[in-house]
1. Among (i) 0.97; (ii) 1.01; (iii) 1.04, find the value of Rg/Rh (Cα atoms, Kirkwood Rh) that was calculated from the structure presented, and write down its label.
2. Keeping the other protein chains in place, figure out the carbon and sulfur percent of the accessible area of region 58-122, with a 1.4 Å probe.
3. So, taking all protein chains as they sit and a 1.4 Å probe, how much accessible area belongs to MET194, in Å² rounded to tens?
4. Which lysines have a Cα less than 18 Å from the Cα of LYS84, not counting those fewer than 8 places away in the same chain?
5. Taking the Cα centre of region 338-458 as origin and charging only Cβ (+1 Lys, Arg; -1 Asp, Glu), how large is the dipole, in debye to the nearest 20?
6. For the cross-link pairs LYS89/LYS454; LYS176/LYS206; LYS64/LYS260, which exceed 20 Å when the distance is taken from alpha carbon to alpha carbon?
7. Any lysines with Cα under 16 Å of the LYS302 Cα? List them, leaving off those in the same chain fewer than 8 positions away.
8. Checking the cross-link filter: which aspartates and glutamates have an alpha carbon closer than 16 Å to that of LYS112, excluding same-chain neighbours under 8 positions apart?
Amino acid sequence: MSITHNLATSLSSTSSPFLAPSSFNSRGHVSLHVKSVGICKCIATPEAETGYKTRVTRNPNMGKLQAGYLFPEIARRRSAHLLKYPDAKVISLGIGDTTEPIPEVITDALSKRSQALSTIEGYSGYGAEQGEKPLRSAIASTFYSHLGIEEDDIFVSDGAKCDISRLQIVFGSNVKMAVQDPSYPAYVDSSVIMGQTGLYQKDVEKFANIEYMRCSPENGFFPDLSSISRPDIIFFCSPNNPTGAAATREQLTQLVQYAKDNGSIVIHDSAYAMYISGDNPRSIFEIPGAKEVAIETSSFSKYAGFTGVRLGWTAIPKQLLFSDGFPVARDFNRIVSTCFNGASNISQAGGLACLSPEGLKAMRGVIGFYKENTNIIMETFDSLGFKVYGGKDAPYVWVHFPGQSSWDVFAEILEKTHVVTTPGSGFGPGGEGFVRVSAFGHRENVLEACRRFKQLYN
């Protein structure tokens, strides 16, 4: 019997004036029992008076950015929805923020390190910008055993997202980027801010001078590399956010060979690698020759619930060289030493606990919980006749709404079910017609959201 088979029914439909009119044609109307919840009404700070202006010119690259960053925009719409329906129980399956408690074996280490700072013996101030030696060693041995990545190739950070921007500083403005389409929006936005792109082209919904590598169900979510012009830097996320697709060994081998043939560098984002359940590579360094053309960035956020604690790492092999033979890692080290004082010593103690035998077991338990949520969501949309992708190797479900605007679908779902999702077009033009549903949520909320989906689409 389906885990969502006996979910009860009762939802109500409304329409929202604060969102654009929807062309989405829902399959049903629902009524929702709501409960009273306290909310904080946020009031925007009044704009500063504009009578006086400095003589400092605004960075023109900031002006190229389109509207707000995707996830704050979703949060804004959620807040507006709560103002309209203050008694609604809004369920967020949008932004990929973890919800389950950090395992106690990890928080014990965080607490112990924190308490030690109040003693003479345990206090420490500035640490190495590259990270504490025991943690760098543990990351290398846990994730890169027998792959030729050593502890001094590891740079510990406050998260993969932060390292993406630091890497952009390393490469500068005179490079051409390629990104999966759809992909995590930080890749494109950081490229725009660095001045690597031209203007936004509204007719194709792309920035000039970026290669958008289309990843769709038709090509197995892996781009046709022969169809793109040579990029300097290739951002590649596997398992992919938002599609949930994990590249096969053959696909990553093609990518590495393409980079070698074209003298490009791959930045491999492996933030969801521990969600992979099959034989697909968890690191690009499993591919022969990758150390000469690739960087890997990753994070504890989605493994241990460190989205707020903040801890990640980037691995840059010694073999990776610029065209003049200078090691990429040395430039990254210079940027890190200039722009960063190192990850929190408390966070690093938690990271070390994550990589203990007990910590790894606990993290796998958390990941298993979210993967069960993913199965529930996939089963729900599959039972309703939707084409559903991802889910198996990632905490995201990629649902196809053919012929519909992603933002219209997002708005309709929010209005009629009080569930927040993420519009696929926010990840690039290749995401139009899709919605990403996150598996990060308490079990009862995921089950309730799926009950509402069934009432809306049955």
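The values are calculated or read from the model by the stated rules, or taken from the named source; none is laboratory data. Everything numeric in this text was worked out from a predicted model, so none of it was measured. FYI the Cβ positions are ideal-geometry reconstructions off the backbone, even for glycines, and counts take in every protein chain you see. Surface accessibility is based on the protein's heavy atoms, side chains included, excluding ligands, DNA and RNA. Shrake-Rupley method; radii C 1.70, N 1.55, O 1.52, S 1.80 Å.
1. (i)
2. Of the solvent-accessible surface of region 58-122, carbon and sulfur hold 56 percent.
3. Surface open to solvent at MET194 totals about 50 Å².
4. LYS35, LYS41, LYS416
5. 220
6. Too far apart for the 20 Å limit: LYS64/LYS260.
7. LYS161, LYS361, LYS371, LYS392
8. Candidates past the 8-residue exclusion: GLU104, GLU121.
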